[in-house]
1. Which condition from (1) farther than 28 Å from residue 174 by Cβ; (2) among the acidic types (Asp, Glu); (3) open to solvent by less than 40 Å² (accessible area, probe 1.4 Å) is the one that residue 113 breaks?
2. If the Cβ limit is 7 Å and pairs must be 6+ apart or interchain, which residue in segment 252-265 that is at negative phi pairs with which residue that is polar (S, T, N, Q) and outside any helix (DSSP H, G or I)?
3. Of everything in segment 59-102 that's part of a loop (DSSP other than H, G, I, E, B) and among the basic types (Lys, Arg), which residue is farthest from residue 27 (Cα to Cα)?
4. Can you find a residue that is open to solvent by less than 10 Å² (accessible area, probe 1.4 Å), of a type outside the set (Val, Ile, Thr) and closer than 23 Å to residue 129 by Cβ anywhere in segment 59-69?
5. Would you pick out the residues in segment 340-353 that are aliphatic (A, V, I, L, M) and in contact with a Leu (Cβ under 9 Å, 6 or more places away or on another chain)?
6. So which residues in segment 227-242 are part of a helix (DSSP H, G or I), open to solvent by 50 Å² or more (accessible area, probe 1.4 Å) and within 24 Å of residue 31 (Cα to Cα)?
7. Any chance segment 198-218 includes a residue that's out of contact with any Cys (no Cβ under 7 Å at 6 or more places or on another chain), among the charged types (D, E, K, R) and modelled with pLDDT under 90?
8. Can you pull out every residue in segment 71-106 that is over 17 Å from residue 59 (Cα atoms), open to solvent by 20 Å² or more (accessible area, probe 1.4 Å) and in contact (Cβ under 8 Å) with a residue 40 or more places away in the chain?
Amino acid sequence: MREIKENNDNNEWRYLEVKEKEVIRCNSIHSTLVDGMIKGISPNTVFLEECPGYVLSLGRNQCCEEECDIVECEKLGITIERRETGGGAGLMVPGSTSWGICMDKRDPRVSDDMDRNFEILSRGVIIGLKKLGLDAIFAPVNDINIGDKKVGGMTAMTRQNSLLIYGSVIWDFDMDTFMKIARIPAPKLKKKGVSSVQKRITTIIQELGRYIPPAELRDCLIQGFEEALSVKLTKAGLNEAENAIWNKKMDIFSSKKFILRPGHCSVSNVSCVYPAEKGIIRISLFINEGKIMDAGITGDFMQINDIDFDPLEGLLVGSKTEREDIELIVHTYFDENDIRMVGASADDFVDAIVGAVNEYEE
């Protein structure tokens, strides 16, 4: 552990190149790095990973059947998996590059303002893309744009002293396939001010006007992160202690219960799709005689701390449908768990739940 601390003090960070045959193994590595940082066995790490196939990556809080056509995914050979971080679903094609930083929150480069962390820690990607001749910019809260189109996004999670920033770079995209499987709520597109996904995103290959191998993109991103963070990245794999954690994590991330989250959106007689400043909150309720009998909370909203909303669903069961009762439950849960959101608040969740109640009453 002394060697790890010395490397961090000397601004020598580990570069981890992730090329696994299954994306669940990649997601397991993200979680391994977070736990390894807490245990003092993982150094500050920049990682780049190459997607092995067609994968639909779900955010932590999303309900699978709300976000995609599961049967069509099976027909097309698209693997559905789930991250531990929040945010929305993304289709990755073979060769797609994702990036991430796992570091100690006590590092002076880390801010208490997560919006600021997105801006600072994504500079490596922006510099790397500029090396390719692309005029990439940071687009608050958590996107990277070229012009007015998205070429990458970010999500984040903290656990004790560990901070994980995980992001995508849209290297290439299969819009036809995405439109066959995706279920995009109209309020989300309206919030973005666009009529279709096609008008919202671009790709590196499209902007360059040429094919770029994933290895060339990785080289530019490595240089970008070294410049942005003022560090030397040294390529290395997981150490023995990290591998032990990784092997256990894979059981969790390969679980169908974890991936599909059954039961969160299928037992309702009313629902609401609520657009917060950042992200969609989906509420599913079963209401009877003025009481909430069952509740599901899903969506592509993003909480930063490592917290689930399943307990809040349970607290809502049995509640009266009056706004003041719902406010008390939601605000108490947020306060007691010190929940920190990106572009959303406890009031947004109250409004979403009350919105579902209003739909029922109408």
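The values are calculated or read from the model by the stated rules, or taken from the named source; none is laboratory data. For clarity, every value in this text was computed on a predicted model and none was experimentally measured. Because the Cβ atoms are built from the backbone with ideal geometry, glycine has one as well, and the counts that use them run over all protein chains shown. These area figures cover heavy atoms from the full protein model, side chains too; ligands, DNA and RNA do not enter into them. Shrake-Rupley method; radii C 1.70, N 1.55, O 1.52, S 1.80 Å.
1. So the condition that residue 113 fails would be (3).
2. That search, which allows pairs on different chains as well, returns 264/298; 265/284; 265/298.
3. Among those residues, the one meeting the criterion is 60.
4. no
5. Answer for segment 340-353, where residues must be aliphatic (A, V, I, L, M) and in contact with a Leu (Cβ under 9 Å, 6 or more places away or on another chain): just 353.
6. 240
7. yes
8. Result: 72, 76, 94, 104, 105, 106.
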